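The values are calculated or read from the model by the stated rules, or taken from the named source; none is laboratory data. Bear in mind that the values here come from a model prediction, so they are computed numbers and not experimental data. Neighbour counts run over all protein chains shown; Cβ positions are idealised from the backbone, glycine included. Note: accessible area is taken over every heavy atom of the protein model, side chains too, but ligands, DNA and RNA are not part of it. Shrake-Rupley method; radii C 1.70, N 1.55, O 1.52, S 1.80 Å.
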Protein chains: 4
Amino acid sequence: MTIRALVWGENIHERVNTVVAGLYPDGMHTTIASALNADGGISASTATLQEAEHGLTEARLAETDVLLWWGHRDHGAVADEIVERVARRVYEGMGLIVLHSGHFSKIFKRLMGTPCALKWREAGERERIWTVNPGHPIASGIPEHFVIDNEEMYGEHFSVPEPLETVFISWFEGGEVFRSGMTWRRGAGNIFYFRPGHETYPTYHHPMVMKVITNGVKWAHNPMPALTSVHDAPNVPVEKALEPIVQKGPTLHEAGEEGFK
Amino acid sequence: MTIRALVWGENIHERVNTVVAGLYPDGMHTTIASALNADGGISASTATLQEAEHGLTEARLAETDVLLWWGHRDHGAVADEIVERVARRVYEGMGLIVLHSGHFSKIFKRLMGTPCALKWREAGERERIWTVNPGHPIASGIPEHFVIDNEEMYGEHFSVPEPLETVFISWFEGGEVFRSGMTWRRGAGNIFYFRPGHETYPTYHHPMVMKVITNGVKWAHNPMPALTSVHDAPNVPVEKALEPIVQKGPTLHEAGEEGFK
Amino acid sequence: MTIRALVWGENIHERVNTVVAGLYPDGMHTTIASALNADGGISASTATLQEAEHGLTEARLAETDVLLWWGHRDHGAVADEIVERVARRVYEGMGLIVLHSGHFSKIFKRLMGTPCALKWREAGERERIWTVNPGHPIASGIPEHFVIDNEEMYGEHFSVPEPLETVFISWFEGGEVFRSGMTWRRGAGNIFYFRPGHETYPTYHHPMVMKVITNGVKWAHNPMPALTSVHDAPNVPVEKALEPIVQKGPTLHEAGEEGFK
Amino acid sequence: MTIRALVWGENIHERVNTVVAGLYPDGMHTTIASALNADGGISASTATLQEAEHGLTEARLAETDVLLWWGHRDHGAVADEIVERVARRVYEGMGLIVLHSGHFSKIFKRLMGTPCALKWREAGERERIWTVNPGHPIASGIPEHFVIDNEEMYGEHFSVPEPLETVFISWFEGGEVFRSGMTWRRGAGNIFYFRPGHETYPTYHHPMVMKVITNGVKWAHNPMPALTSVHDAPNVPVEKALEPIVQKGPTLHEAGEEGFK
């Protein structure tokens, strides 16, 4: 079964910054999508902030198995309504891969429920990524550690909820560490945060980085039908109880009435 | 050290429903606060939806160690600004106990990042609460199981994030089960959800229910100073790096510039 | 890729108890293996306590992707050496599905590190299994709940470590609850405990039970090469450090010496 | 309530290695116990490998709230029977702090159920410990990071189960990272592993190291009565079921018979 991935890019710095444009002439989203398409099992397309509804229409999301998110310069420009729409699809089972500066995206903060803040330094320093969970599917084919020669530093404390599992931890030349790969589930949706990817460096041309992201897409893919019931809070009437019971005591609601929300 | 607890009550059904008013003539929040005050180590006061800023001013929250939340009829009436204010205090270390129908409160959904939906039935049926984590502080002095004769049923699937720990699971007469006691940490704030407490039954007069809630307040209390740094995303300049490094490669930001948010 | 499953059965009650023999004339292990083989993607064979090395030779385990374990009458008869051998393969990535009374097997207690005790009652009562994590792969195709008409009761407290995720919780006619489906990872090995399966009832002829177990095998399967490095504690000499460092201070070990174990 | 801590030391290198003897003339266990006793709320004593029953008699353990464990040179000399005795007390609620090379102790491997292996290098290099969970009680009063000038390197992959929470992560001068502070619960017992403490360096004279260990003792302390029921697997007879049920179907056990173990 081919996994339908959608790479969302903010697509600003690629157009206004010559360094970024030089590294990613067609946009970072396009580079990432191309690498995913090189894997036989994934069919990746792209969407950007500038498209109508940011390219994230109901129809588009309905046919997306895993969404990848890269944003940095203008998180605030993403419409709240679209954020809610994406969140609903995650609850129903769409996977979500949040990349680098996407830690401050509305959708990631929405799903984590926390500030998602961290320390940072733009010094082009060496980052060494260690695999701390080598049996995790996202670590498949990834060595014990690999190096990115020039990256932005992200340092702890990274204010996210304790993850289901920590997969990667980064060592930085300047003395910091960072939990660079972590997983969560929200509703039926699998979420993976992966740290690398500052736009002034060729990070998304690094084979190991793209191998991790490709693994992430496969891991995040939930092949089950959309869990649309996740949004419901159904009343179960007394007469339909699984075990025979009788009504006891007073009630707030009339029979068949909806609950308060 | 006395723990400063604040019991927030929506305070609607106590005023408009004669059954509820009969059970809780001074409001559920007052009954809960009284029970907490009966424990030597807690000083509990109350706040309600109807007060200015819902009784949750900056000053009030600053002197609150643990906030308890009961709402049902009108979650939507809580101002978004106050919800954000409470969330910030949780990140800084204020504990939060969410009770019963508070599962659909704005603040709980905000901190969980999920729908927090469930099944329900108002039949006054028997609920038996099982302790599945007897070594957890919240289970201190709680027996293997205890019974509430008449309660509303809440049934799975309860769409919350996988908790740090599951402490209690309920058995219902009508055939359902529910994870009735679960814990999470968000930032420096400890969060405990506890299921019982439908307003048409005398649940908050049940000694075991109040023992669990009292334990919850003690567990959720974080005596450390407020972790105000949790909101920051500080830049660490190259010249202040912990290990000596030199600037390499291009940068987006001018020296000293703020990051994008 | 076909998953190679090995169903291990204690194979005692099937031979000495006429009720069990009537339900499982070829042994429970054979019934389970047949159901797994009915799924296109799994190739299941069997092994029993009575075989040489309990049918769990090094060679056999080396070609096993997922091991299923059912034992009850004589856990103590499993040789400690074989238990260690199985544990090592789990660390390397072999999946393990522990069924019902296997909660007290040496291998489960070895991998959990806890007593794995529980309450029980052999009354043929009704068990209703609730899906509390509908997005988990093991819940694929499983309804919100399903019923087993006659089962042994297992009740909390079940003394296992907090799982990675809780997938199923059981409701029992007699008033108990039980966390019936839980997952852990140990080394590179995925572990799933699934409660149903008392030998005097036709539980392993129940289609939903076998669907869960089939899902469990697929989830537990780790397609990566065996993580044999999991057993090692390698010294990294100063001259091979990833960053240039110089020896400072005194040492216990001579250069090249093994560590203490 | 004063917490009764017991610091267990292997007490070998302190006697046979002049460097270690110079740093810890009365043994590392004594240094650690003295630092704990400097905190008003802890009463710490010591026990060593060389004492009868390694100083860990039933009586001694019964009056111990939190056990600290340092061993390295001769893990194998600890009697299996004593290991089981300690494990039982942990299940009942005794806290356990495992220090440094104690990662390979029998008791830690017993409770984790995994190899607990890691990489290492004895180069006296710089270790910087980062707090990744600043709201955790063990991080109380601990800064964002602190440095140990000379330490042994421990590197990932550290083959332990995914913890309840990760509290500290170490950065090493030579390029590695390590999850240096992690928590688990086993039965009613809280377990904290803390990495620093190679015997040829003055690590246990470092105030921040001892502050973390002191916090660890307080966090691990479970004031509840010993949970002796954790070892039991009681039968609940039909006639004592919480809900009225009738016997259905065949049974293996005679009424009142013990379960198989």
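Before moving on, here are some points about what is shown:
- Tally of residues being part of a strand (DSSP E or B), more than 7 Å from every other protein chain (Cβ to nearest Cβ) and closer than 15 Å to B:Lys211 by Cβ across region B:107-158: 5
- Region C:207-228 residues that are away from chain A (no Cβ under 14 Å), paired with ones that are open to solvent by 30 Å² or more (accessible area, probe 1.4 Å) and part of a loop (DSSP other than H, G, I, E, B) (beta carbon under 6 Å, 6 or more apart): C:Thr214/C:Asp39
- Per the listing D:Ile82, D:Ile138, the residue uniquely touching a strand residue (DSSP E or B) at 6+ places or on another chain (Cβ under 8 Å) and either under 28 Å from B:Ala220 (Cβ atoms) or in contact (Cβ under 8 Å) with a residue 24 or more places away in the chain (or both) is D:Ile138.
- Among the residues of region B:17-44, the ones that are open to solvent by 50 Å² or more (accessible area, probe 1.4 Å), under 21 Å from the mean Cα position of the chain (by Cα) and among the small types (Gly, Ala, Ser) come to 3 in all.
- Failed criterion for B:Ala62 (all others in (1) open to solvent by less than 60 Å² (accessible area, probe 1.4 Å); (2) in contact (Cβ under 8 Å) with a residue 24 or more places away in the chain hold): (1)
- Filter result for D:Leu68 (assigned to a strand (DSSP E or B) and not acidic (Asp, Glu)): yes
- Pair list, Cβ < 8 Å and 6+ apart or interchain, from region C:242-261 residues that are more than 7 Å from chain D (Cβ to nearest Cβ) to residues that are of a type outside the set (Phe, Trp, Tyr): C:Val246/C:Val238; C:Val246/D:Ala123; C:Ala255/C:Pro237; C:Gly256/C:Asn235; C:Gly256/C:Pro237; C:Glu257/C:Asn235; C:Glu258/C:Asn235
- Filtered residues of region B:61-75 (kept if over 21 Å from B:Cys116 (Cα atoms) and either in contact with a strand residue (DSSP E or B) (Cβ under 7 Å, 6 or more places away or on another chain) or within 14 Å of chain A (Cβ to nearest Cβ) (or both)): B:Glu63, B:Thr64, B:Asp65, B:Val66
- Selection within region B:148-160 - touching a helix residue (DSSP H, G or I) at 6+ places or on another chain (Cβ under 9 Å) and open to solvent by 10 Å² or more (accessible area, probe 1.4 Å): B:Asn150, B:His157, B:Val160
- Some residue of region B:97-105 being assigned to a helix (DSSP H, G or I) and either hydrophobic (A, V, I, L, M, F, W, C) or out of contact with any strand residue (DSSP E or B) (no Cβ under 9 Å at 6 or more places or on another chain) (or both): yes
- Failed item, numbered, when B:Gly102 is tested on (1) under 23 Å from D:Gly135 (Cα atoms); (2) crowded, with 22+ Cβ neighbours inside 10 Å: (1)
- The combined condition, being touching a residue at least 12 places away in the same chain (Cβ under 8 Å), within 14 Å of chain B (Cβ to nearest Cβ) and under 17 Å from the mean Cα position of the chain (by Cα), is fulfilled by A:Ala87.
- Single match in D:Lys119, D:Lys109 (criterion: modelled with pLDDT of 95 or more, open to solvent by less than 30 Å² (accessible area, probe 1.4 Å) and of a type in the set (Lys, Arg)): D:Lys119
- Considering A:His54, A:His13, A:His75, the condition of being open to solvent by less than 30 Å² (accessible area, probe 1.4 Å), at pLDDT below 95 and out of contact with any Gly (no Cβ under 7 Å at 6 or more places or on another chain) is satisfied by A:His13 alone.
- Any hit, region A:63-73, residues being over 16 Å from the mean Cα position of the chain (by Cα) and charged (D, E, K, R): yes
- Whichever residue in region D:176-199 is closer than 12 Å to D:Leu96 by Cα and away from chain B (no Cβ under 14 Å) and, among such residues, is surrounded by the most Cβ atoms within 10 Å (Cβ to Cβ): D:Tyr193
- Lone qualifier among D:Pro207, D:Pro143 - being under 21 Å from D:Gly9 (Cβ atoms) and either open to solvent by 10 Å² or more (accessible area, probe 1.4 Å) or touching a Phe, Trp or Tyr at 6+ places or on another chain (Cβ under 7 Å) (or both): D:Pro207
- Residue within region D:20-34 that is within 26 Å of D:Met224 (Cβ to Cβ), in contact with a strand residue (DSSP E or B) (Cβ under 9 Å, 6 or more places away or on another chain), β-branched (Val, Ile, Thr) and not in a helix (DSSP H, G or I) present: no
- Filter result for A:Ile82 (modelled with pLDDT of 95 or more and either surrounded by 23 or more Cβ atoms within 10 Å (Cβ to Cβ) or in a strand (DSSP E or B) (or both)): no
- Answer from C:Val78, C:Val20 - the residue that is within 13 Å of another protein chain (Cβ to nearest Cβ) and closer than 23 Å to C:Met210 by Cα: C:Val20
- Only one of the listed residues (A:Pro225, A:Pro250, A:Pro234, A:Pro202) is in contact with a strand residue (DSSP E or B) (Cβ under 6 Å, 6 or more places away or on another chain), more than 28 Å from D:Thr131 (Cβ to Cβ) and open to solvent by 20 Å² or more (accessible area, probe 1.4 Å). That residue is A:Pro234.
- Some residue of region B:187-194 being touching a helix residue (DSSP H, G or I) at 6+ places or on another chain (Cβ under 9 Å), of a type outside the set (Asp, Glu) and closer than 26 Å to B:Val19 by Cβ: yes
- Taken together, the criteria exclude A:Glu92 from residues that are open to solvent by less than 20 Å² (accessible area, probe 1.4 Å), touching a residue at least 24 places away in the same chain (Cβ under 8 Å) and of a type in the set (Asp, Glu).
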